[in-house]
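Accompanying notes for the structure given below.
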Amino acid sequence: MAANGPRSRKHAEGKRVPRTRHPRRNVRKVMPDLRPFWRAGQLAGKQFRGDTDNLNKHASDAWQVHAANLPEQISCEDTLQAGRAFIQGYVKSSGHVPEIVPLPLRHVAAAVVCACNEERTLGQVLVQLGRLPLRDIVVVLNGTTDNSLEHVLQHPGITLVYEPERAGHDVGRALGAKMTEAETVLFVDGDMVIPAEHLAPFLFAIDRGQDVALNDLTSLLPPFSKQDEVSRIKAYLNHTLGRRDLGSNSMTAVPHALSRRMIQAVKPASLAVPPKAQMLAIQQGLKVSAPCQVDVIRSNRLRAGNTGSGNDVARLILGDHLEALAAWMGMSEYALRTNLPSRAEVAYRRNVR
């Protein structure tokens, strides 16, 4: 092989070829300059002259005005960092600490809470939702026999849907979605107290153009061979719909958020069968993603109906996914694409073997 061949690092004249230095792939992210946000918060805090009852509204309104100048493509993480800097400046000059999550939303947002006998947690769930820039908070109480109703009534401005009989969480979500006209709707359950900071990314994703923002539980699940039947059928439905990237993420899990466009396209009644609503959203070409993660697996309240092999909740979820699969397969578009053989054709092929 010649001296200047591919195995040699030398030129013909004997000089070494300098090594090419490739730029590092893991480039450290440049953080935004937070000082302007801090100064803006300090100025807003100096202007606060009201009592503490108006503190949260004043700080939130001031932040919304300033946040209108944020870059178009800014991420949720950077947005929240800028908001925290604003609040720190606000606290410095006003001497008061607003209990808000500084999340700038372009469209009206609401939350729907489904609850049944959640007196131990429901009050704190509403406290966390109150820290978010929500126009409506709809609480659907169904089949409640404890003091959940009293806890709801302690929070002013709540829209209450009370159903004496037990209807179930999924039916409650369908009811709640009809009780608000907000363009972004966040869905949570009354038995899980989730910090408002962890709920904010779901609102942000819908506000910035997504139609369905699912809870990304992929990294919390074991390998497929060790998953239960519920996780597997969720993944199977997404795979069948051509969305393998969604893994086992499903509208059966909270929190998740929906756009008004999605709710109108699939009809609020379909939310009573979450996998079917998810199928319809994908089938209609809406934007479905799983932008963030809240660990609701370990925090899920254990009940008699959701523990043990083949429990009632598992059977319900399996049935919902089978209903979604049946609806998908019954669509003419799917039938034409798959060209399924008739029963007569199947019988003929068996007989000629």
Select from region 72-129 the residues that are out of contact with any helix residue (DSSP H, G or I) (no Cβ under 6 Å at 6 or more places or on another chain), closer than 30 Å to V171 by Cα and of a type in the set (D, E, K, R) and list them in ascending order.
R120
Cβ-Cβ below 7 Å, separation at least six or inter-chain, first residue in region 162-181 and closer than 23 Å to P275 by Cβ, second open to solvent by 70 Å² or more (accessible area, probe 1.4 Å) and in a helix (DSSP H, G or I): which pairs?
A174/A269
Might you let me know whether region 53-68 holds any residue that is open to solvent by 20 Å² or more (accessible area, probe 1.4 Å), within 22 Å of the chain's Cα centre (by Cα), closer than 29 Å to I263 by Cα and of a type in the set (D, E, K, R)?
no
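Name the helices (runs of 4 or more DSSP H) wholly inside region 183-269 in which the number of residues that are among the aliphatic types (A, V, I, L, M) and either closer than 21 Å to A326 by Cα or more than 10 Å from the chain's Cα centre (by Cα) (or both) is 3 or more.
Numbers: elements: 196-207, 229-240, 260-266.
Ranges flagged: 229-240, 260-266.
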Residue under question is V188, and the condition is that it be open to solvent by 20 Å² or more (accessible area, probe 1.4 Å), at pLDDT 95 or above and within 20 Å of R120 (Cα to Cα); does it hold?
no
Check L340, L280, L302, L316 and return the single one that is modelled with pLDDT under 95 and closer than 30 Å to A182 by Cα.
L316
How about region 105-135: which of its residues are open to solvent by 10 Å² or more (accessible area, probe 1.4 Å) and either more than 15 Å from A200 (Cα to Cα) or in contact with a Phe, Trp or Tyr (Cβ under 7 Å, 6 or more places away or on another chain) (or both)?
N117, E119, R120, T121, G123, Q124
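The values are calculated or read from the model by the stated rules, or taken from the named source; none is laboratory data. From a predicted model like this one, the values you see are computed outputs, not experimental measurements. Every residue, glycine as well, gets a Cβ built from its backbone with ideal geometry; the counts of neighbours run over all protein chains shown. Note: accessible area is taken over every heavy atom of the protein model, side chains too, but ligands, DNA and RNA are not part of it. Shrake-Rupley method; radii C 1.70, N 1.55, O 1.52, S 1.80 Å.
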